[in-house]
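Chemist: Just passing along the structure, written as structure tokens.
The values are calculated or read from the model by the stated rules, or taken from the named source; none is laboratory data. Everything numeric here is computed off the predicted structure, so don't read it as measured data. No Cβ is skipped: glycine too gets one built from the backbone with ideal geometry, and neighbour counts run over all protein chains shown. Accessible surface is based on the protein model in full, side chains and every heavy atom, while ligands, DNA and RNA are left aside. Shrake-Rupley method; radii C 1.70, N 1.55, O 1.52, S 1.80 Å.
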Amino acid sequence: MKETEVIFSMERIVVQGGNPLKGCLRINGAKNSAVALLAASALTDAEVVLDNLPEISDVNVMLEILKAIGMNVTRLGQFEWRIAAGKQLSGQTPENLAVKLRASYYFLGSLLAKKGKVNVALPGGCKIGSRPIDQHLKGFQALNVACLLEDGQVKLSTDHLQGGHIFFDMSTVGATINVMLAASMAEGTTIMENAALEPEVIDIANFINAMGGKVKGAGTETIRVTGVKYFGSCTYSCIPDRIEAGTFMLAAAASGGDVTLTNVIPEHLEAVTAKLRESGMEVIPTLDSIRVKSTGRPKAVNIKTLPHPGFPTDLQAPAMAFFGLAEGSSVFNETIYESRFGHAEELNQMGANIKVDGQTAIVQGVKRYRGSFVTAANLRAGACLIIAGLAAEGTTTISGIEHIDRGYDRIVERLQTIGADIKRQEFFSNMSAETIQN
Ligand code: EPZ
């Protein structure tokens, strides 16, 4: 070993393919709601109890940020947390935490509402495209807020938060939620047009209303928020994760299995249900569960990612693992992010036949994948590789699993309960001290 090298331990996931998944699995709370609910909890001086929060690293980081800005955070149960305001709330989130995830930008909305002044480092998150925040800033500006980007920080300030009228240039979940948070304490009424329709937007609106807010129209393209002076306390349960559910639906089908997922809202899963049915799979929903039963090799289908209720971009990579095994050729069109096909190269390493051209991928189905050493470059790419590994012949070893832990709650252990041969494995690697610092 060179003097400047350091040995450190990491984990990877090892999947032995070929076991059809069978049985019943409970779906946990939605990552993309949970992170926004946690930021929204800073709006109130009273105490809130949030339930059904998934045990994932993105939630842990949001809890750490809450503590750092002065909130009291207490764990009440596996998925249940009590959040209560401390004596003083800071308008500055720690940079080392904020850069770890995208959702740290929700503190812009909630702390602006609460304090009129906030600094948050430019957010991190999956590297899947440029991901600007211009629509967030446009929305804040319409509420009489001065916005400054300086030293890698977003700095917002206002002496009087005033309701405004915003027409978003595109459907954006983040900006819709963020402006809703800020507007919830602004004077007067804010109207947001071309608002995002995602279930997570509705969940945050319901939470704001449960604390005493006045949000109307969430889930439609026009949301009206009338500001209130104070929020109260409430107990609120996060919606189930439709992306986690969709991932397990695709995993069940790809493995040739028969799995029932409980604690789901089947209406949130209509786009993936339609594509699985189109491919020939059986999908049987009840009021709060969904069963996916493989009928053999799927037929190819075309997939275009779109804002809700279209096919979610977050399931594009998991779906590619499944349709890579279809009979015929599928065309995937990614319209939300400009570079979200990195997983295609890893699938090709496992024997897939995928050609990417800009925002389009032509997925020529193959009969089987073969196990290989692959790397998860982001969260959903990781889920895609697990699905491919479950369906492959032989052993698949996936590194980069810290991305998977950001958004899938104990995925290895839960897949084991439905028959997967999958485990975490510690391994040792060496890296130069210089690389680690960078
Ligand atoms: C949320 O990201 C999710 N993240 C993403 O999930 C998800 O892919 C995305 O919504 C779309 O459904 C969280 O909720 C934490 P957007 P968000 O604002 O809010 C462009 C996952 O895997 N845009 O709806 O950041 C943007 O670049 C993650 O769980 C602007 O141009 O997404 C994108 O092309 C990845 N300017 C499109 O809009 C803006 O100001 C939609 O983005 C805002 C967005």
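Chemist: Once a ≥ b ≥ c are taken as the square roots of the eigenvalues of the Cα gyration tensor of the stretch 80-145, is the result rounded (a/c under 1.5), prolate (a/b larger than b/c) or oblate (a/b not larger than b/c)?
Modeler: oblate
Chemist: Ok, one more. Helix 106-115 sits at what angle to the longest principal axis of the chain, using alpha carbons and giving 0 to 90 degrees rounded to 10?
Modeler: Result, in degrees: 10.
Chemist: Run down the lysines and flag those whose C-alpha is under 26 Å from the C-alpha of K114, throwing out any fewer than 8 positions away in its chain.
Modeler: Within reach: K31, K67, K87, K100, K138, K155, K214, K216, K229.
Chemist: Still on this structure: Summarise the accessible area of the stretch 31-237 (1.4 Å probe, protein heavy atoms) by the percent that is carbon and sulfur.
Modeler: The nonpolar share, carbon plus sulfur, comes to 48 percent.
Chemist: If you don't mind, there's one more thing I want to ask. Within straight cross-link reach of K115, meaning Cα distance under 17 Å, which aspartates and glutamates are found once same-chain residues fewer than 8 apart are removed?
Modeler: Within reach: D45, D159, E187.
Chemist: Near the amide H of E393, under 5 Å away, which other amide H atoms are found, from residues 5 or more places off or on another chain, if H is placed in the peptide plane?
Modeler: Result for E393 returns Y369, R370, G371.
Chemist: A follow-up question, please. Which of rounded, prolate, oblate describes the stretch 31-237, given a ≥ b ≥ c as roots of the alpha-carbon gyration tensor eigenvalues and a/c under 1.5 marking rounded, otherwise prolate only if a/b is larger than b/c?
Modeler: It comes out rounded by the Cα gyration axes.
Chemist: Right, next: Quick one: 3J(HN,Hα) in Hz for the stretch 255-265, Karplus 6.51/-1.76/1.60 with θ = phi - 60°, rounded, Gly and Pro as x.
Modeler: Listing the rounded values in order: 8, x, x, 8, 10, 10, 9, 10, 6, 10, 10 Hz.
Chemist: For helix 173-183, what angle does its Cα long axis make with the longest principal axis of the chain, in degrees from 0 to 90 and rounded to 10?
Modeler: For 173-183 against the chain, the angle is about 20 degrees.
Chemist: Debye calculation, C-alpha points only, no solvent: report log10 I(q)/I(0) for the stretch 198-307 at q = 0.11, 0.17, 0.19, 0.20 Å⁻¹, in the same order as the q values.
Modeler: -0.47, -0.84, -0.95, -1.00
Chemist: Another one. Quick one: work out the % antiparallel among DSSP beta bridges in the chain, nearest 5.
Modeler: Among the beta bridges of the chain, antiparallel pairing accounts for roughly 75 percent.
Chemist: State the percentage of accessible surface on the stretch 329-379 attributable to carbon and sulfur atoms; use a 1.4 Å probe and exclude ligands, DNA and RNA.
Modeler: 48 percent
Chemist: Please sort 45-56, 180-191 by packing, taking for each peptide the average over its residues of neighbouring beta carbons within 10 angstrom, highest first.
Modeler: Descending packing order for the listed peptides: 180-191, 45-56.
Chemist: Calculate, for the chain, the solvent-accessible area per residue in square angstrom, rolling a 1.4 angstrom probe over the heavy atoms of the protein chains.
Modeler: Value returned for the chain: 40 Å² of accessible area per residue.
Chemist: While we're here: Name the residues whose placed amide hydrogens come within less than 5 Å of the amide hydrogen of G328, ignoring near sequence neighbours (fewer than 5 apart) on the same chain.
Modeler: Close amide H contacts, sequence-distant or interchain: G365.
Chemist: Residue by residue through the stretch 365-381, which ³J(HN,Hα) values in whole Hz follow from phi under the Karplus form 6.51 cos²θ - 1.76 cosθ + 1.60 (θ = phi - 60°), with glycine and proline marked x?
Modeler: Calculated HN-Hα couplings, in order: x, 10, 6, 8, 9, 10, x, 7, 8, 9, 10, 7, 8, 7, 4, 6, 5 Hz.
Chemist: Now for a separate question. Step through the residues of the stretch 10-16 one at a time and calculate ³J(HN,Hα) from phi using the Karplus curve (6.51 cos²θ - 1.76 cosθ + 1.60, θ = phi - 60°), rounding each to whole Hz and writing x for Gly and Pro.
Modeler: 9, 10, 9, 10, 10, 10, 9
Chemist: Could you name the lysines in cross-link range of K367, using Cα to Cα under 27 Å and dropping any fewer than eight places away on the same chain?
Modeler: K22, K275, K293, K299, K304, K355, K423
Chemist: Compute the Cα gyration tensor for the stretch 1-73, then decide on rounded, prolate or oblate, letting a ≥ b ≥ c be the square roots of its eigenvalues: rounded whenever a/c is under 1.5, prolate when a/b is larger than b/c in the other cases, and oblate in all that remain.
Modeler: Oblate, since a/c reaches 1.5 and b/c is not below a/b.
Chemist: Using DSSP, restrict attention to beta bridges with both residues in the stretch 327-406 and report what percent are antiparallel, rounded to the nearest 5.
Modeler: Around 70 percent of the beta bridges assigned by DSSP in the stretch 327-406 are antiparallel ones.
Chemist: To continue, here is another question. Which residues make up the longest stretch of the chain that has no trypsin sites (Lys or Arg not before Pro) in a DSSP loop with at most 10 other Cβ atoms within 10 Å?
Modeler: Excluding the exposed sites themselves, the longest stretch runs over 88-228.
Chemist: Right, something else. Tell me which residues come under 5 Å, amide H to amide H, from E338 once H is placed; ignore anything under 5 positions away on its chain.
Modeler: Correct list: S130.
Chemist: Out of all DSSP beta bridges with both ends in the stretch 87-235, state the antiparallel percent to the nearest 5.
Modeler: Counting only bridges with both partners in the stretch 87-235, antiparallel ones make up about 75 percent.
Chemist: Moving on. Report the chymotrypsin sites (Phe, Trp or Tyr not before Pro) located in the stretch 198-271 that are in a DSSP loop and have at most 14 other Cβ atoms inside 10 Å of their Cβ, or state none.
Modeler: Sites meeting the loop and neighbour criteria: Y230.
Chemist: Please compute the contact order of the chain in relative form: average sequence separation of alpha-carbon pairs under 8 Å and at least six residues apart, divided by the residue count, as a percent.
Modeler: Relative contact order of the chain: 22 percent.
Chemist: Alpha carbons only, please: Rg and Dmax for the chain, in angstrom.
Modeler: 21.9, 65
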